[in-house]
Structures are given as structure tokens and as C-alpha cells.
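Remarks on the structure that follows.
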Amino acid sequence: MKNKREKNVEKNASGTIRGWLYGCTGLILLFIAMIGGTGKTVIGTFMVYYLGYLFGMFYPLILVAIGVIGLRLLITHKFFPYKEQNIIYAGILLVILGTLAFGSFPIYALPTGKVAFASLNSFYGDRMVAFATSPGVIDSYESLSVLGGGYVGLLMLTVLGSIWGIIGDAIFFSAVMLVGVALLLFRPIRSAVRTIQEDRKNKVKYSSPYQPGKGKDNSYLARQINGEDVPMEKEETSDLSSFTPTSNATAPFSKKWAEMEQGSFTSADGSAYNPNMADSVGETPSKVEEHFHVAKQAKAKEEPSPIDESLFRSAPAMAATPSRTTRMEPQPRYANPQPSSYPQNKPQMMDDNPFQSAYSPVRDSYANDDLSTRAQEFSRNALSKDQSIPVQEQVKDYPSNYADPYGRRAPAENSFNPVSRPAQNYSAPAYTPAKPAEFTVKSNKPVMTPAPTFEVKSEQAPAIEEKPMSDEEAEQQKEREYFARKQKKQADALLAKKRAKEEKVASLMKYVSDVPKDYYYQLPNDSLLEEIDDSAKMEKNTESAQEKANIINKVFDEFAVKAKATTFTIGASVTRFNVETEHGEKADKIANLTSEFQRALNGDMSVRVETVVQGRSTSGIEVGNIAPMAVSFKDMFQFIQQDKEHPLLLPIGKDIGGEIITFPLDKMPHMLVAGTTGSGKSVLIHSMIMTLIMRTYPSQVKLMLIDPKQVEFIRYADESHLFCPVISKPESAILALKKLCDEMDRRFAVLSKCRCANLGDYNDLRRGHELQYENMPYVVTVIDEFADLMQTGGNEVTRYVTRIAQKARACGIHLIIATQRPSKDTVPMIIKANVPCRIGLSCSSQIDSRVILDENGAETLLGKGDLLFKCPGKKSLIRAQSPYISNHDMNTVLDYVRSHAGDPNYDPDFLDLDVEEEVEEESNPEGDLYTDICEFVVQTGITSKTSIMRSFQVSSLKADQFIVRMQSDGILALGPNGKLILGPAAHLEDFE
């Protein structure tokens, strides 16, 4: 499975190539259109000639189309969409063909006769001569009109005209033009039609009780029943102001509720209904209810109400003249009303009125009553009482345009609703049967009854007296405040740390670029380096070597060893004396005299005996020079520059014979460098890094530098070859090694996909196809002070370094590990097994030498670059002197590279390497806990043992120990009454 990074790389690569191709194509088309439009130069003349030949006088339109296509490709890197706009393209093509055909009609339909297909070429060629005699010469642009629609238009007319003639051509190409125009306008017209349909579909429908229904008359608005006017009775009028409201307005509701509690009520037709008896008679409540509705509708048809119910809807109050009607006095329907509570068992009545409760007992009784009469009576009864009636606090909000189908208007604000349940302190007034007043409205104007007003009295809750806190509560309050401040301080510190981390990453993001950089600057050469002259030291070493040869021969004579030092070779730091033995003499006798040689040379511990010298038939005795000479880095680099096959060739030094020792890093493939302080380890590492920087571009080699000392690699900050910023924290280094393992796995996935065995094969495959394949440079990871890194995360570091050492060679990742303490714990066997190339500098003991080189010898080295090199392919060790590069040369080269290569291009995955410190869940150590307790006591002033035990979760014995310790430190002291108080040493600034 491809990981996210690989998919993004492939997507970016394909998008980059496609965009580049589109941009180049658009630029070419734009230039072609511009050159053809001018008609200059050979290219422009050829374009005008052939476009004019094909399209006649319409060729400028073709140039404009080419220019538009090129401009779009150049700007957007995309072609015109063809799936969604295919109809438009077809319409444009048909219009162009029709235009060319109609442009050629004057040429085709000549008075001499129409053009035949057989003579089309010769006929058009004669006309073309008037415009241009040859493709390279345009004679007259004014004669362009004789070409009409060009060869294309004339060809269409000639071919189709041979089938149906000139008239047929005219009809056909007219239809082609119309179809083309229709196709061009099809999408806009369809879009407009859909918009109109959507508007009609989304149109909001509404209904209003004031709007008469369609197909039938509204009896309430037209005041007609069955097409006839409602008769009006002329009676004696009276004034509404003379009405006296009574308290009987609520009596019917109390009556109905009482009947409901008893299990029965009276319907609109006067019949009694008991829902508890529904099962006994074999009829369900729904059937009984349906019977009541049928009876009610029949009665309503027999006695239509002459009153318009719409008059009682919510409307502005206006004057009306009611008249008293002489009628038979109706018998009171409600006798012996008694206040009752809310019914528990309520029959569910289905009703068309959505604003009335399903169990309301009022609806059936008042359905056919005179609504005007009840409203007038309620008004008189409500206004006659000079008392305040408590109102429920929660009243249902009705809309302003609320209209009840039964004529009841929406209750006014702060008005009393008699249908709602009474308040708790409300008792129903005594009921006195009264004769309801009957009124008839003489005009069509609505009659509105003024709504009663009521006062709502509210009692304020008595003020609660605050009780003073006890001492324990006060201490707990201080504790909460102290820990709240401490928590806020810790949160602010974490937030500041997070912001600093984000700012650091943001500052490094300017060095990150998704587009790989190409470098074309001249690589640094040896002219930037200084030469070293040690000719004076050479004379001293020669004289000293002659004396030492005589001493060695005397030792042979003293111990009767048939051997003699015949010649010597002066190296940079040591001189090797070539010893020849007589036939039959063992070379091991020379090795047994090592201590004697050291004693004879005044205790020179640098003596080292080689029984066999590679390439020679003699043995060798190596002795340090009296004046060590330096190996110039400039000489080493001049030699390395001659090798063009190995970009990762590293300098090792010069051997005793003056031969330059180098070795390619990709063949090692990893290196271990170990030596004590002053052995020349850092200078050797710098010479290797500088060689890589001077011989390769940043796109070829990347460096990841890990410097726990924080000062060794500081000069390489912001260097162009860096893979990521210089890493100085051990925790960040461990995370970087982990991410380097992830990068190794990602590279292997890419190599596997491309079927390449190693990075060299991948680079060969990529050569010539740079835009199709990802650039993967070599990554050289240099780790200084590896021992410190192992102390921080031994197991993790061992695991990651082992993985890289085992596998990373093939994907171009190499390690250079340096350490001062080459012990078994520092360099485990599993790491040594995967690092075959090792360099041992001066060590303190034979044990350290065996850890590095698996044999003795490093303990006798002189230091200052004197080394033993163990490389793959050779069993014997090579003694050499490492090259020396000064700080001035390094700064000169780095300044040159920074000025020409620019800023580094970091890998974004290696920017956020700061590891957050894990919060320990365990309790603090005793010392830190004592400091926290002292800070708590000083800042809060709380000295009680109970508070300390509660706040820090310590035992009583431990709290006593801390209190005694604070007393001895002067933080606490005994106060009045034996109570602990803050002592003279309790200074707040000491605990901030």
C-alpha cells in the first residue's frame, strides 16, 4: 500500500509535468497566433498563406481562436472542459461551417455556372494567385475577398451541390446555422426555464380565514346562506357602556368540569354522554363522538346562526349599535355550579379546531349558542367586579392574526383566559343565574368588546443573610485560590512553551519548498584553501630518524637477533624503519623486543612493531617523529577532485609512505570513529563534511548533523546541504533517528515500485526523466558524542541505528558515528557488526582499542590525527595521518556555498523534533515536595497540619516532619497561644 507521502509525491510530480506541458503548449500557440497576425517573417507569411488557402477571408478568426486557446493554457494550465460544454463546441463548429459555406456562395454560384468538383482545385488555384503567388510571398491582402470561405467552404458547397444543387445547399447550410445557434443557446435557455420552474415550485402557498374559499360562498363574509341574505330584525338599541358584567362568566366552565369529573357531559344536541358507559352499550367512544358530530351538523343546518362569527376576531375596536331582540327566554343550562379541580379522566374528543384542547367540555355546549350573547355577557360580568384576579404567569402566546373558526378572538396581552386553569389562590365567584342578553348587529362592521385589565402583584423574596465563614472554610477557600493560581501559572507556562515551539517551526518553514531546487553554481575548488609548509620539520625528523635507526640495530645486536634496520620512511607523524632478517630467523622475535625498543628510545611509547608490512618483504618498526607534520587538506582535496566516479569519496589521510588514503562512503557503507579528547577526531569529521560540501550540490547530498555538545557543528547552521536544522538535544536526536527509519522505509517503497536495487540504479533511471521521478539525494547522518546519546535513550538509539546500519545502504542513507568513550556499552556488538569501516584514533587502553578495531594498536597512537584505519576488503590495519583543515578554510568555503546555493531546503518531516516532557504521574521526590509545601505555606499563610495533609496527600507523620523542618529553617515559628505563624525566613520572593 502506498503511504500518504508517496501519493502526494506522485500527484505533485504528475501535476507539475502536466502543468509544464500545458504552459509550454499555450506559449507556443500564443506566439504562433501573434506571428500569424502580423504576417511578418517567414513563419508568419507561411501561416497567412495556408490559413487563407483553407479558410479564405475568415482566417483572422482562426488566429484569434488559436491565441485564446494558448492564453488559457498558459494562465490556467488547463484545456477547455469538453464533457460539460460539448453541446456548445458542436454549435460553434456548425456555425463556423455554415459561415464558411455562405462565404463561398458568391464564388460557387457564378453567372457562368457553378463550379464542378473535377475542376475545383484548378479553379481555386487561379483565384489563389490573386492573393499570393507562392507560400513565401503575399501579393495583396485586398484580394483576400476573392477566396470567400476558403477551400473548405467551397469544397462543402461543391460536394453537396452535386447532390441537390444550389438551392439545396442554401437550405442545408441555413439549417446548419440554425442548429448551431440553437445548440449555443440551448444551455442558457434550459437554465432559464429551470429557474422559472424552481421559482414556481418554491412559491409559498398561504391560507387565511379572511380569504373566501374557491367554488363556494363564505357565509360569514358574504353574510349569505344558500344564496339568500340573512334577515335582520329591527329591535330596540342599547349602549354597550350600560352593560354590567357579572361573575357568572366562568360558571359554565365550572359546570362542565364538574360533569367531566362525574364521567358525563351534555353535547350540543342536549343528549348526555358518558364515556365510561361506551363499552357497556357496545359502542366505542369514537362512534359516539361521530354520532354527536352528525347530530350537531344537522341542527346547525336547521337553525343557521344569524350572527357572523368573524365579527369577534382580532380587529381594531369600532363603534356599533346593538339592538335588543325579543325572544323566548332560554332556560339556564348550568345549574348548581361548583368549583372543581382539573379532571383526571378526560375523554378525548376529536375536533376540527386546532386551538381547542381535545378534552375541553366547553366546545359542544357552546357550538350552536349565540356567540355575540356570550361575549357581551362575559364583558359585563368581568367589568362589574372591582377586584384584582390573579393571572397565571405562563400564558400561551397567540399570533397577532389569530382567528378561531368559532369566532373567538386571541386574548389580549395581560388578559385573563377563562378557559385556562385557574391560579392556585383563585376561587370561583358565586354563580347567580342571569338572563343572557341577545343582540343583533345592524351593520356589517365588526363589534369588539373592550378587554378587561388586571393588576399582577408579585412578592419579592426575602433577602438571605450571608453567614460568616468558619476558619476551616476560610482555609479551604485560600487553598482553592492558591492551587487555581498555580494551575493558571502552569497553564501559562505550557502555553508559552507551545507558542515558542510553533514560532520556531514557523520560522523554519521558510526553508521548506515542495518544488525541488536546481543548482548550477560552480563548485568550490582548492583555490579557497590554504597551503601548509612543514619543510623545516622535515629536516629535524630526518636527523632524528638516523639516530633512532642506530639505536634499533644496537638492540638487535644485544639480544642476538639476526635482523637489521636498513632503511626508514618518514611519514607525517611517525617514521617506519624497514627491518630485514636473515634466512632462518623468525619475525616474531622482533615483536618480542617491543618493550626493549621503547626502553632504548628513552621510554617512547609510540613504538609499534609490524611483523609483516603489506607490499613489502620486510618487517616494520614504527616510531613517532620528534616534530609531527600536518597533512594539508588542500593536497587531499586536489587528489579527490580527480576521481569523478565516486561522489561520496572521503579523505582518510596519508600513510607513512606518503600515499593518500581515501574510501567512498557508499562502499563502506557506514563508519565508526573513536578516540579520546585531543586525538583529532573532530578535525577528521570536519574534513569529511567539507569534502562532501565542496564536491556535491545540495540536490545530490544532504547532511543531518547531530551535535549533543551544541558547539561542534554550530558553523554549519543554515548551510545549503542540511537535511534539517542541526540537532543538539538528545531527545530530538532520538526522534530524528526514528523519522530517518521512516524515510528509509519510504525510499525502499519507491525503489521497489521502480524495480531498482539501490539508489544508484534509481538515479540512472531518473537521468533524462527528472520531472517524472522524485529526486532522492544521499543522506549522510553524522552523530558526534554517540556515548551521550546512548546514555539518554540506549535501547531506542540502538534499535534505530541498527536498522539504519542494516538496511539503509541501498536507499542512500549512511552513518558516520563518532565517540570519545569506545566501550561495550557505548558501541554494542550489534552496531559494530553492521559498521565494518572503523577508524581508531588514540585510545587510553588496549580494551578500547579492541572495542574499536577488534585488535590492539590504537593505544600506542600519538594523537593529533594519528589513526589506524580498518576498511572492508583489507585484513591489516592502515596507519595514517588525518588531514588538517583550519577554521579559516571552513568559514571561507561555507560562505562561498551560502552565497551561491542560497538557503537550505529542509525536509518538513524533520522540523518538529522537539519532544514534550512527559509529566510524571508519581509523587514528587521529597525535596521537591518540601519546596512545594514551603511555597504553599508562605503564599497562603496557612500553617495547619490538616491543610498540608489535605492539599498534598501526605500522612500525619510526614506532615509533622515537614512542619518541624520548616521550623528549623525559620519558615514557621510559634506564635501566641502556641499557634504556628510565618517565621523570619518566610520571604515571598524566594518562592516565586
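The values are calculated or read from the model by the stated rules, or taken from the named source; none is laboratory data. Because the structure is predicted, anything quoted here is derived from the model rather than measured. Cβ sites come from the backbone with ideal geometry, for glycine too, and all protein chains shown count toward neighbours. Ligands, DNA and RNA are stripped out before the accessible areas are found, and what is left, the full protein with its side chains, is counted by its heavy atoms. Shrake-Rupley method; radii C 1.70, N 1.55, O 1.52, S 1.80 Å.
Stretched out straight at 0.36 nm per residue, the stretch from ASP895 to SER119 would grow longer than its current Cα-Cα span by 271.5 nm. Report the FRET efficiency, 1/(1 + (r/R0)^6), for SER134 and LEU528, where r is their Cβ-Cβ distance and R0 is 60 Å, rounded to 0.05. Here the calculated transfer efficiency is 0.45. Within the set of other residues whose C-beta is less than 14 Å from the C-beta of SER876, count the net charge using Lys and Arg as +1 and Asp and Glu as -1. Counting the neighbours of SER876, the net charge comes to +3. Overall, the anisotropy analysis places segment 15-190 in the oblate class: the square-rooted eigenvalues a ≥ b ≥ c of its C-alpha gyration tensor yield a/c not less than 1.5, with a/b not exceeding b/c. In nm, to one decimal, how far is the ARG18 label point from the VAL42 one, both placed 7 Å along Cα→Cβ? Calculated label separation equals 3.8 nm. In order along segment 751-764, phi translates into HN-Hα couplings of 5, 5, 5, 8, 6, 10, 7, 8, 5, x, 5, 5, 5, 5 Hz, rounded to whole numbers, per the Karplus curve 6.51 cos²θ - 1.76 cosθ + 1.60 with θ = phi - 60° and x for Gly and Pro.
Per-residue packing, averaged as other Cβ atoms within 10 Å, sorts the ranges 694-707, 745-758 into the order 694-707, 745-758, beginning with the highest.
Let me make sure I get this right: for segment 666-910, a, b and c are the square roots of the gyration tensor eigenvalues over alpha carbons, sorted descending. Under 1.5 in a/c it's rounded, otherwise prolate if a/b > b/c, else oblate. Which is it? Prolate, since a/c reaches 1.5 and a/b exceeds b/c.
As a test, work out the antiparallel percent of DSSP beta bridges whose residues both lie in segment 650-788, rounded to the nearest 5. Can you show the working numbers first?
On the way: 4 of 12 bridges.
Percentage antiparallel, nearest 5: 35.
Placing R0 at 56 angstrom, the Cβ-Cβ distance between PHE186 and ALA493 gives a FRET efficiency of 0.25 after rounding to 0.05.
In segment 524-629 the Cα-Cα distances spread across 10 Å bins starting at 0 as 14, 44, 25, 10, 5, 1 percent of all pairs. Computed from phi, the 3J(HN,Hα) profile of segment 869-883 under the Karplus parametrisation 6.51, -1.76, 1.60 (θ = phi - 60°) reads 10, 10, 10, x, x, 10, 7, 8, 7, 10, 8, 8, 10, 5, x Hz, with x in place of Gly and Pro. Modelled spin labels at ASP643 and LYS667, positioned 7 Å past Cα toward Cβ, are 0.6 nm from each other. LEU648: net charge of surrounding residues, Cβ under 10 Å, Lys/Arg +1, Asp/Glu -1, itself excluded? Here the charged neighbours net out to +1.
Residues of segment 158-201 falling in the label zone of LEU93, defined by backbone nitrogen less than 15 Å from a point 7 Å along Cα to beta-carbon, are 176-177, 179-181, 183-184.
How long is the gain from SER470 to PHE79 if the chain were fully straight, where each residue apart is worth 0.36 nm and the alpha carbon distance is subtracted? Please list the in-between numbers first.
Values: separation 391, 0.36 × 391 = 140.76 nm, distance 8.18 nm.
Full-extension gain reported as 132.6 nm.
Taking a ≥ b ≥ c as the square roots of the Cα gyration tensor eigenvalues, with a/c under 1.5 meaning rounded and otherwise prolate when a/b beats b/c, else oblate, which class fits segment 924-990? Verdict is oblate for segment 924-990.
Could you grab the relative contact order for segment 924-990? Cα pairs under 8 Å, six or more apart, rounded to a whole percent.
Values: 57 pairs, mean separation 19.0, N = 67.
Once normalised by length, the contact order is 28 percent.
Phi-derived couplings, Karplus 6.51 cos²θ - 1.76 cosθ + 1.60 at θ = phi - 60°, listed residue by residue for segment 897-912: 5, 4, 6, 9, 8, x, 6, x, 10, 6, 7, x, 6, 10, 8, 8 Hz, with x used for Gly and Pro. Scanning residues 5 or more positions from MET629 or on other chains, those with amide H under 5 Å from its amide H are SER573, with H placed 1.01 Å from N in the peptide plane.
Once you've got the Cα coordinates, tell me which of LYS517/LYS702; LYS537/LYS654; LYS702/LYS832; LYS537/LYS864; LYS681/LYS864; LYS517/LYS729 are over 19 Å apart.
On the way: LYS517/LYS702 13 Å; LYS537/LYS654 17 Å; LYS702/LYS832 24 Å; LYS537/LYS864 16 Å; LYS681/LYS864 8 Å; LYS517/LYS729 29 Å.
Checking Cα-Cα distances, LYS702/LYS832; LYS517/LYS729 exceed 19 Å.
Pairs LYS498/LYS709; LYS634/LYS824; LYS753/LYS875: which exceed 27 Å Cα-Cα? Violating the 27 Å limit, Cα to Cα: LYS634/LYS824; LYS753/LYS875. Which percent of the accessible area of segment 524-629 is formed by carbon and sulfur heavy atoms (probe 1.4 angstrom)? Using a 1.4 Å probe with all protein chains present, segment 524-629 comes out at 46 percent carbon and sulfur.
Summing charges over neighbours of VAL782, with a neighbour being any other residue whose Cβ is under 13 Å away from its Cβ, gives -2 when K and R count +1 and D and E count -1. With all protein chains kept in place, the per residue accessible area of segment 524-629 amounts to 56 square angstrom at a probe of 1.4 angstrom.
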